[in-house]
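Student: Before anything else, here's the structure in question.
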Amino acid sequence: MQTKLVKIDCKNIKKDELKEAAEIIREGGLVAFPTETVYGLGADALSREAAKKIYEAKGRPSDNPLIVHICDFKELVSIAREVPAEAEQLAKAFWPGPLTMIVWKNDRVPYTTTGGMDTVAIRMPNHPVALALIRESGCLIAAPSANTSGKPSPTEASHVALDMDGKIPMILDGGAVGIGIESTIVDLTEDVPMILRPGYITKGMLEEVLGKEVKVDPGIIADASDKKPKAPGMKYKHYAPKADLVLVEGEEVAVIQKINALVLEKQKKGEKVGVIATDETKNRYQADYVVSIGARTDEDAIARHLYKILREFDAWEVDAIYSESFATPRIGQAIMNRLMKAAGHQVLTTEQERD
Ligand code: AMP
Ligand code: MG
C-alpha cells in the first residue's frame, strides 16, 4: 500500500484537504493525524473491522484498548452507559484538551475498540486538524498513538512515516505537536476518580475542578513497579528506544561525573554512547552524542522533546544512553513515568551503585 503524506497548514485548514482523509475513515480505513499530545492512528471507533486494522498496523496486543476521539460532548453521552457528573465538570474545564476520561460503555462501542473491556476511554483533542477530521468524517475516531507498538510515540509526521509507511493509506502532516506526551487518563467508573496515566493535566488540576480527592493508580508509581497497572497499556514495555537507557539521578555535579565515567567505560568497550542533558549541562559531557532536552526549568520543553530525542538516538544507532532525571514540579510525574518505562526502570542514584 502506498502511504500518502498530506501537509496541512493548521492555521488555514481547507475543508477540501480533509475530504479524502474523512472518506478513508468513513470507509473503514486508517488515517494518522496530529493531536496536541502526540500523533494518533485513527479509524472509525464504532466499526469492529476498522478498529481491528489499528491493532494490525501497530502490532498492538488486542487487549490494549483504544481512546475514542470526539469533537462534541454529546458524542460522549451517545456511547456512555451513564454520564458521571464528574465527566461534565472535567469536560467543561479541560476539553478540548489532553485529558482522557474512562466511563462505562454502551452497546454501540464494539469490544474490539475497548480491548474487551466494559468501559471506554474518551477524549476531545485540542488540535484543529484532529477536530476538523472528526467533524468532516462524521465518525467517532478511535486513535492510539501512531507508532509501532513499543516504540516512542510520534511527535512529528516523519516519525509516523518511519513506523507506518506502506501500512496505512494516509498521514496528515500538521507539523510538530505542542505537548509531546500522551493525555492524562482518569477513570471515572469508581467512587473516587483515579489517574491511570499521568500527563499534562495533573492530579492537583483535577482535584481543583472536582473539589474532591483524586487517586493515582499505585501500579504506575515508579517505585511500585511490582503492582499491576489498571490501564492495560501501561503494563507493556513502552516508549523504548533501541539502545539500553539508564537514568542517573542525584545532585547535578555528581550526576555529570557519574555519567561521564559510565560513558567512558562503555566507549572503552567500543560502544557508541548518547547522553540526554539539559541546556545548563550539555557542555559538560563527553560522549558520542550529547543532546539537550531543554532548559531544566522549562518542563513543557522537556515533555515536548523527549520522544523526538529517543527516536534520534535510534537513528544514530547508539548502544547505550544515559539520561539525567527530570522530576520537575508540575508534569514531572508524567515525564518520569515515560522515561522510567523507556529505561525499563533502570535508575542509578549517585549515592548508590547499580548492581
Ligand atoms: P494510546 O492511545 O496509545 O496512548 O493508548 C491508550 C491508553 O489508554 C492505553 O494505555 C490503554 O490501556 C488506555 N485505555 C484505553 N481504554 C481504556 C479503558 N477502558 N480502561 C483503562 N485504560 C484504557
Ligand atoms: Mg501509545
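Student: So, restricting to strands (runs of 3 or more DSSP E) that lie completely within segment 119-201, which ones have at least 1 residues that are of a type in the set (Val, Ile, Thr) and in contact with a Pro (Cβ under 6 Å, 6 or more places away or on another chain)?
Tutor: Working: elements: 119-123, 170-173, 184-187, 194-197.
In segment 119-201, 184-187 are the strands (runs of 3 or more DSSP E) which contain 1 or more residues that are of a type in the set (Val, Ile, Thr) and in contact with a Pro (Cβ under 6 Å, 6 or more places away or on another chain).
Student: Return the only residue of Lys227, Lys235, Lys212 being touching a helix residue (DSSP H, G or I) at 6+ places or on another chain (Cβ under 9 Å) and at pLDDT 95 or above.
Tutor: From the options Lys227, Lys235, Lys212, the qualifying one is Lys212.
Student: Related question: Would you call Pro152 open to solvent by 10 Å² or more (accessible area, probe 1.4 Å), within 16 Å of ligand 1 (Cβ to nearest atom) and out of contact with any strand residue (DSSP E or B) (no Cβ under 7 Å at 6 or more places or on another chain)?
Tutor: Judged against the criteria, Pro152 is not a match.
Student: Still on this structure, I have one more. Any residue at all in segment 162-171 that's touching an Asp or Glu at 6+ places or on another chain (Cβ under 6 Å) and within 15 Å of ligand 1 (Cβ to nearest atom)?
Tutor: Scanning segment 162-171, I find no residue that is touching an Asp or Glu at 6+ places or on another chain (Cβ under 6 Å) and within 15 Å of ligand 1 (Cβ to nearest atom), so the answer is no.
Student: Considering only segment 67-87, state which residues are of a type outside the set (Gly, Ala, Ser) and touching a Leu at 6+ places or on another chain (Cβ under 9 Å).
Tutor: Val68, His69, Ile70, Cys71, Glu75, Ile79, Val83, Pro84, Glu86
Student: While we're looking at this one, here's another question. Looking for something within 16 Å of ligand 1 (Cβ to nearest atom), open to solvent by less than 10 Å² (accessible area, probe 1.4 Å) and within 22 Å of Pro229 (Cβ to Cβ) - is there at least one such residue anywhere in segment 110-118?
Tutor: Within segment 110-118, one or more residues are within 16 Å of ligand 1 (Cβ to nearest atom), open to solvent by less than 10 Å² (accessible area, probe 1.4 Å) and within 22 Å of Pro229 (Cβ to Cβ).
Student: Then there's this: When you go through Ile195, Ile185 one by one, which is the residue that is crowded, with 23+ Cβ neighbours inside 10 Å, closer than 27 Å to Gly115 by Cα and free of Cβ contacts under 8 Å to residues at least 40 places away in the same chain?
Tutor: Exactly one of Ile195, Ile185 is crowded, with 23+ Cβ neighbours inside 10 Å, closer than 27 Å to Gly115 by Cα and free of Cβ contacts under 8 Å to residues at least 40 places away in the same chain, namely Ile195.
Student: Counting just the residues of segment 41-89 that are under 17 Å from Val160 (Cβ atoms) and open to solvent by 30 Å² or more (accessible area, probe 1.4 Å), which one comes out nearest to the chain's Cα centre (by Cα)? Reasoning before the result, please.
Tutor: Within segment 41-89, the subset under 17 Å from Val160 (Cβ atoms) is 41-43, 53-60, 66-67, 69.
Still in the running and open to solvent by 30 Å² or more (accessible area, probe 1.4 Å): 53, 56, 59-60.
Numbers: Lys53: 20, Glu56: 19, Gly59: 16, Arg60: 14 Å.
Per the stated criteria, the residue is Arg60.
The values are calculated or read from the model by the stated rules, or taken from the named source; none is laboratory data. Please read these numbers as outputs of a predicted model, since none were measured by experiment. Quick reminder, even Gly has a Cβ in these numbers, built from the backbone with ideal geometry, and neighbours come from all protein chains shown. SASA here: full protein model, heavy atoms, side chains in, ligands and nucleic acids out. Shrake-Rupley method; radii C 1.70, N 1.55, O 1.52, S 1.80 Å.
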